[in-house]
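To start, the structure itself, in structure tokens.
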Amino acid sequence: MHELGITRNIVSICSEQARGRKVTRVRLEVGLLSGVVPDAIRFCFDVCSQGTPLEGADLEVLDIPGEGECRSCGKRVALQQVFEHCACGAGDLICVAGKELNIKDMEVQ
């Protein structure tokens, strides 16, 4: 489960940026196509944040839908998985959204 390592890094980055202050909320952006399971991040967050400024903080995960742009016709289409086809029949889509994994912001006391 790579989410454990990802969550450890999230906690580390937020702890460093908090500079000793108590963190009350962290908001993450997780793309549908990122390969990251939001429920696993939520589960790991409580464990990884113990003994850190993030202990007891709320974790809010913002789901970012997948979106692709067709190289053939230029149309933007919703993506549920990385390899899909455009309505024009072309399978040459560029992923323009949905691979994100970002710490959007955090609240500190």
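What residue, among those in the stretch 64-95 that are under 13 Å from G31 (Cβ atoms) and surrounded by 13 or more Cβ atoms within 10 Å (Cβ to Cβ), is nearest to the chain's Cα centre (by Cα)? Quick ask: steps written out before the conclusion?
Filtering the stretch 64-95 down to residues under 13 Å from G31 (Cβ atoms) leaves 64-68, 78-82, 95.
Retained after the next criterion (residues that are surrounded by 13 or more Cβ atoms within 10 Å (Cβ to Cβ)): 64, 66-68, 79, 82, 95.
On the way: I64: 8, G66: 12, E67: 15, G68: 18, L79: 16, V82: 16, C95: 15 Å.
Among those that are under 13 Å from G31 (Cβ atoms) and surrounded by 13 or more Cβ atoms within 10 Å (Cβ to Cβ), it is I64.
So if I check each of I13, I6, which one is part of a helix (DSSP H, G or I) and within 13 Å of the chain's Cα centre (by Cα)? Steps first, answer last, please.
Working: I13 fails: within 13 Å of the chain's Cα centre (by Cα).
Only one candidate qualifies: I6.
The residues in the stretch 18-49 that are surrounded by 15 or more Cβ atoms within 10 Å (Cβ to Cβ), among the charged types (D, E, K, R) and part of a helix (DSSP H, G or I) can be counted, and the count is 1. Among the criteria (1) assigned to a helix (DSSP H, G or I); (2) farther than 25 Å from V96 by Cα; (3) in contact with a helix residue (DSSP H, G or I) (Cβ under 6 Å, 6 or more places away or on another chain), the one T52 does not fulfil is (1).
Among the residues making up the stretch 60-88, those that are in a loop (DSSP other than H, G, I, E, B) and in contact (Cβ under 8 Å) with a residue 12 or more places away in the chain are P65, R71, S72, C73, K75, Q80, Q81, V82, E84, C86, A87, C88. Candidates Q81, Q50, Q17: the one that is of a type outside the set (S, T, Y) and farther than 26 Å from Q109 by Cα is Q81. Close contacts from the stretch 41-55, counting a first residue that is within 12 Å of S12 (Cβ to Cβ) and at pLDDT 95 or above and a second that is part of a helix (DSSP H, G or I) and β-branched (V, I, T), with Cβ to Cβ under 8 Å and a gap of 6+ residues or different chains, come to C48/T7; C48/I10; C48/V11; S49/V11; T52/V11; L54/V11. Could you list all residues from the stretch 96-106 that are surrounded by 14 or more Cβ atoms within 10 Å (Cβ to Cβ) and acidic (D, E)? Answer for the stretch 96-106, where residues must be surrounded by 14 or more Cβ atoms within 10 Å (Cβ to Cβ) and acidic (D, E): just E100.
Scanning the stretch 50-63 for residues that are of a type in the set (G, A, S) and surrounded by 14 or more Cβ atoms within 10 Å (Cβ to Cβ) turns up just one, A57.
The values are calculated or read from the model by the stated rules, or taken from the named source; none is laboratory data. In this text the structure is predicted, and so the values were computed from the model without any measurement. All Cβ positions, glycine included, derive from the backbone under ideal geometry; neighbour counts span all protein chains shown.
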